[in-house]
Each structure stands twice: as structure tokens, then as C-alpha cells.
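Working notes for the structure below.
The values are calculated or read from the model by the stated rules, or taken from the named source; none is laboratory data. On a predicted model such as this, the values are computed, not experimentally measured, just so you know. For neighbour counting, all protein chains shown are included, and Cβ atoms are generated from backbone atoms with ideal geometry for every residue, glycine included.
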Amino acid sequence: MAAATKVITGKVRLSYAFLFKPRAQTNDAGEQQTPRYSVTLLIPKSDEKTMQALRDAQKQALEDGKSSKFGGKIPKNWKDTIHDGDEDADLDANPEYAGHYYVTVGNTRKPGIVDRDREIITDDTEVYSGCYARVSLNAFPYSNSGNKGVSFSLRNVQKWADGEPLGGVITRAEDEFDSLDDEDDDLI
């Protein structure tokens, strides 16, 4: 991996976060794919630094793939996996994508997940769709079934802050119930 293809984002919002347990998807042919850890990153359009780092990593990955994936030249119509939320997203289903770029990243390897103080997070309710984080990624070239382009693999996640959960309210069991006493047994 070339260092020039590694990116650590600024503050992004997580969507469709599958970071603690991998998820298997079905491809267009109906075949079950290898389970992957994945997340969609919502990058504010105002975050020019992150976007420039992602674009620079893509350029390096295209150069790296010229001989290994693309037959000696960079394809003219390579597939870009970074999308414009205002143009490409279904804003009725995902209104939070407005004003953002988004990219889905994944890996078969579980990402390391830490908090602001770099302490390991093991509680899967702490990092969820809707919270904010910094994410380390690696750009890589691909050529698969006639599709050529650059994608990003998920490396690690640092939770930055809580946010409004996406896709419903997340309630921890320990926050929802009171403790039971022996006296409560008589209520049955």
C-alpha cells in the first residue's frame, strides 16, 4: 500500500454502519457475497481538505493500477465511488445526504474502533449510524467484470461525537429499564 493512497478524513457522519459485525450482501446474480464490515461516510461539502485528500488518493491509485489493473493506461471513463448527495442520493429516503458527498467503504477485516482518547470501543451501541467520526481509508484500483475504477477500503474508525441516530432510535437496555428488587417478584 502506497502511503499516498491512505486518507484520514475530517469529521464525517456515519450511515449504514456495520462496524462490529460483518454483513453479507447478495450480488445482482443472487449470489451471497463474502461478509464485510462497511459504512457509508457523509462528508460535508464544506470539508475541502478531506475531499482533496480523497481525490489525491484516487489519482495515486489510478497511477498504481495503470500497469497492474488497467493494461498500461488509465481508463478514460473510470468509475468514481464518491457521490454527490444532492444529485445521486434518494433524499426522500436519506435526507441527511443533502449537502454532503458520500462514499461507502468496506473490508473483510474488522476495523479498529477507538474513542476521542484512542481507547478501544467494544460496545456496538457506541458507534452507530448517525454519530460522527474520523475514518482511515485506503484507495485502491479495481478492474472487475469490465468495470474499472477506484474504491476505498475501510481501515479504522475514531468516534468523534454522538449524533441523531439514523434509521430509528437506538436505546440501550440498561437505559430503558430500572433495576428489579426481590420485592418486585411479588408483583406477579
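Taking the criterion of being assigned to a strand (DSSP E or B), in contact (Cβ under 8 Å) with a residue 60 or more places away in the chain and either β-branched (V, I, T) or loosely packed, with under 14 Cβ neighbours inside 10 Å (or both), the only residue of the stretch 18-38 that qualifies is K21. For the stretch 125-163, name all the residues that are touching a strand residue (DSSP E or B) at 6+ places or on another chain (Cβ under 9 Å) and exposed (fewer than 14 other Cβ atoms within 10 Å of the Cβ). If the condition is that a residue be touching a strand residue (DSSP E or B) at 6+ places or on another chain (Cβ under 9 Å) and exposed (fewer than 14 other Cβ atoms within 10 Å of the Cβ), then N147, A161, D162 are the ones that fit.
Rundown of residues vs (1) out of contact with any Pro (no Cβ under 7 Å at 6 or more places or on another chain); (2) within 20 Å of C131 (Cα to Cα), yes/no style:
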residue: V12; (1), (2): yes, yes
residue: A17; (1), (2): yes, yes
residue: Q25; (1), (2): yes, no
residue: Y37; (1), (2): no, yes
residue: S46; (1), (2): yes, yes
residue: M51; (1), (2): yes, yes
residue: D56; (1), (2): yes, no
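Residues being among the aliphatic types (A, V, I, L, M) and under 30 Å from S67 (Cβ atoms) are represented in the stretch 89-105 by at least one member. The single residue among L41, L54 that is within 13 Å of the chain's Cα centre (by Cα) and surrounded by 13 or more Cβ atoms within 10 Å (Cβ to Cβ) turns out to be L41. Residues in the stretch 64-85 that are surrounded by 14 or more Cβ atoms within 10 Å (Cβ to Cβ) and in a helix (DSSP H, G or I): D64, G65, K66, G85. Among the conditions (1) surrounded by 15 or more Cβ atoms within 10 Å (Cβ to Cβ); (2) charged (D, E, K, R); (3) in a loop (DSSP other than H, G, I, E, B), the only one that R13 does not satisfy is (3). Pairs meeting the criteria (first residue in the stretch 93-104 and at positive phi, second residue surrounded by 12 or more Cβ atoms within 10 Å (Cβ to Cβ) and in a loop (DSSP other than H, G, I, E, B), beta carbons under 9 Å, at least 6 apart or on different chains) are G99/K45.
Residues of the stretch 86-106 that are within 18 Å of Y128 (Cα to Cα), at pLDDT 95 or above and surrounded by 18 or more Cβ atoms within 10 Å (Cβ to Cβ): E96, Y97, Y102, V103, V105, G106. Looking across the stretch 45-100 at every residue that is touching a Phe, Trp or Tyr at 6+ places or on another chain (Cβ under 8 Å) and small (G, A, S), the one that is farthest from G163 (Cα to Cα) is identified as G65. Among the residues that make up the stretch 95-103, is at least one of them closer than 15 Å to S153 by Cα, in a strand (DSSP E or B) and not hydrophobic (A, V, I, L, M, F, W, C)? Yes, the stretch 95-103 has at least one match.
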